[in-house]
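Let me begin by presenting the structure, written as structure tokens, before commenting on it.
The values are calculated or read from the model by the stated rules, or taken from the named source; none is laboratory data. Because the structure is predicted, anything quoted here is derived from the model rather than measured. Here the Cβ positions follow ideal geometry from the backbone for every residue, glycine too, while neighbour counts run over all protein chains shown.
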Amino acid sequence: MSTQILVTPPGGQPQEIKVFERCLTKLSSTDKAGSFTLQLPALNNSLIDAFPVGSDVQITQAGNVFRGWVVKPPKTLSGVLRTLELDGTTYTARTQKIVVTESYTNVAISDIVIDLFTKYAPWATCNNVQACSTVITIGFAEAYLWDAMTQHCQISSYDWFIDENLDVNFFDRATRINPIVLSQVNGNYKKGTATFTPDASKLVNRLWVKGGNATSDPFAQSITASGTTPIPLFYTPVAAAGTDVTVTIGGVAKTVGIQNKDKAGTMDFLLNTNQKVLVPDLCTTGSGTITYSYTYPIKLLLEDLASQAKYGVFEDVYKVTTGDNTLARAGFTVPCPIFRPRHNG
């Protein structure tokens, strides 16, 4: 099984490494910040400055390609046999060093992804960014591009990475299946070197989604004014976007002010949100309604009953910051969990 290693210094030409002491790569779907280590024999000092920071490294073995860039170039030669070591990460991990400052209003997540990489990482193409119809309003103030992508994935249930062609892959997890099948026939591993064990560490089939506040639809509460006695309200009133707190007595709209802000004797009613009361001022008699919105904490319970019946209950809590009830539910739908084998060979 041959291994080809190409290292390209910034602005230079690819150089093939034909002899190496060690070639180690680490990459998995759960750890996008993959890394590599190359240990090369050196007869003299000529290789010390040959591959500086930013050098492109491409490692090909049995049709599989790993690509990254040098983070720690060699500075000294060590050992009796005089070897030097190159350390680096994948291009996906490079987004941990890119800061973005942008805001978006009612934009599809996939369009945000394309815009961020076009502006802040133009060295990466976006040919494999799948359309995501989830529309969000979000802002990034000096956030790392890596963290921004993590937020997009949490909301959309998508995943992402930058492949060996420096192309951004942003996709629905359900559409991607690992093409590599572990099999002795396929020569993936030698008999006796792999141990398959059930892994339920991430199995969740009963999920509480908590955190953040949502604003209710306008709520109408019946009221009766009797003198200047304050009228208790069921909830702390707020005015949702594009609406006002309104009071109607006998089918006639009344003026509403804020107690301790608007002068007494100038409004029909004064609202005290701290004490959750409506105080009659100019209007002291009659029955009607007060219409207002209120905030409430998001608390959703998502369950997979079929999984619970098969595996038992595996419960967890996920805290979010979104103020959109629908978005919280859409972003954290519980898939049917599976016990997956782990290859330790």
### Query
Given I249, I231, which one is within 18 Å of T273 (Cβ to Cβ), surrounded by 11 or more Cβ atoms within 10 Å (Cβ to Cβ) and either more than 33 Å from the chain's Cα centre (by Cα) or in the same structural domain as V277 (by TED's automatic domain parsing) (or both)?
I231
### Query
Looking at segment 239-268, which of the residues that are assigned to a strand (DSSP E or B) and touching a residue at least 40 places away in the same chain (Cβ under 8 Å) is farthest from Y296 (Cα to Cα)?
T248
### Query
Consider I155 against the criteria (1) touching a residue at least 60 places away in the same chain (Cβ under 8 Å); (2) under 16 Å from Y91 (Cα atoms); (3) within 16 Å of the chain's Cα centre (by Cα): it satisfies all of them except one. Which criterion is unmet?
(2)
### Query
In segment 214-228, how many are within 36 Å of the chain's Cα centre (by Cα) and surrounded by 13 or more Cβ atoms within 10 Å (Cβ to Cβ)?
5
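This table checks each residue for (1) at pLDDT below 90; (2) outside any strand (DSSP E or B); (3) loosely packed, with under 14 Cβ neighbours inside 10 Å.
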{"residue": "T101", "(1), (2), (3)": "no, no, yes"}
{"residue": "L116", "(1), (2), (3)": "no, yes, no"}
{"residue": "P122", "(1), (2), (3)": "no, yes, yes"}
{"residue": "C132", "(1), (2), (3)": "no, yes, no"}
{"residue": "G139", "(1), (2), (3)": "yes, no, yes"}
{"residue": "A148", "(1), (2), (3)": "no, yes, no"}
### Task
Evaluate segment 192-204: report whether one residue or more is loosely packed, with under 15 Cβ neighbours inside 10 Å and either aliphatic (A, V, I, L, M) or at pLDDT 85 or above (or both).
yes
